[in-house]
Amino acid sequence: MTNLKIGGVPEHFNYPWYITLKNKEYSKHNINLRWQDYPGGTGQMCKALRDGSVDIAIVLTEGIIKDIADGNPSKIVQTFVQTPLIWGIHVGAKSKFKVIKDLQGGIDALTNGEADYFMWEHFTTKPLVDNGTFRRIDDCPTPWPCFVIAVRNEVLENNFEEVKKVLEVINVETKDFKQLNNIDKTLAKRYEQQLEDIQKWLQITEWNDGNPITKNLIGRIQNKMVQFNVIEEKKNSGDFIKNMYI
């Protein structure tokens, strides 16, 4: 059996992984896939990819592109969520700037007056807006698909077919995910969300159905990232991706 470690944020976007793991879908293909939550988000996962403590990561598109450009020995193998992420912009009472590592850090910083605003995914933070912890002043959608699946180069070299099978399994699950019986109620309960908020999120969210990621898409994203001063220069788009369907 092939052992593979996978990680992502403990949020509603990744619930399809939970279902496939619970149903032992990967074991049927002789793959022992182990999930690790990364509440610190993409930065934490990029570090884990670099040090080998995770093999596959579901990460923010712009974050992994920047980190691969900076030397992360990984490749993007496909998009995971192809619709934009809606960043909620939240404020507290006092005016400072501080780098926050995770959602709890944002709660602490705004509550204690250590930060002026905090950005995190709109629906994840909605309960905190509802209970008065945060006040949202605006939303900022990303101009690109929000989540991609990245894999360490070493794993792609040694376990290409196993990774391909993992992608096939999750793509089957996400294809009909929104049609699952009572999925809105399940997600609302599990992630402590209002049912109407989850229903709205499901309406505007689309997962990838298995289409390969293209150099053209990476090129367009890089152009935007240069424009926004996230990266200094555009690099060869082929260096960021691995086509799993050749």
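Structural remarks
- Only one of the listed residues (L4, L60, L33) is touching a Ser or Thr at 6+ places or on another chain (Cβ under 6 Å), open to solvent by less than 40 Å² (accessible area, probe 1.4 Å) and under 24 Å from N211 (Cα atoms). That residue is L60.
- Each residue in the range 228-244 was checked for being open to solvent by 30 Å² or more (accessible area, probe 1.4 Å), under 14 Å from K215 (Cα atoms) and part of a loop (DSSP other than H, G, I, E, B), and 5 pass.
- Among the residues of the range 229-246, those that are at pLDDT below 90 and under 14 Å from I65 (Cα atoms) comprise N229, V230, I231, E232.
- Out of K28, K24, sole residue that is on the phi > 0 side of the Ramachandran plot and either surrounded by fewer than 17 Cβ atoms within 10 Å (Cβ to Cβ) or not in a loop (DSSP other than H, G, I, E, B) (or both): K24
- Count - residues of the range 179-206 that are without any contact (Cβ under 8 Å) to a residue 40 or more places away in the chain and loosely packed, with under 14 Cβ neighbours inside 10 Å: 8
- Residues in the range 146-166 that are touching a strand residue (DSSP E or B) at 6+ places or on another chain (Cβ under 6 Å), open to solvent by less than 10 Å² (accessible area, probe 1.4 Å) and assigned to a helix (DSSP H, G or I): V163 alone.
- Taking the listed residues G219, G210, the one that is small (G, A, S), modelled with pLDDT under 85 and either on the phi < 0 side of the Ramachandran plot or not in a helix (DSSP H, G or I) (or both) is G210, with no other qualifying.
The values are calculated or read from the model by the stated rules, or taken from the named source; none is laboratory data. It should be emphasised that the depicted structure is a prediction, and the values quoted were computed from it without experimental measurement. No Cβ is skipped: glycine too gets one built from the backbone with ideal geometry, and neighbour counts run over all protein chains shown. The accessibility values were calculated without ligands, DNA or RNA, using every heavy atom of the protein model including side chains. Shrake-Rupley method; radii C 1.70, N 1.55, O 1.52, S 1.80 Å.
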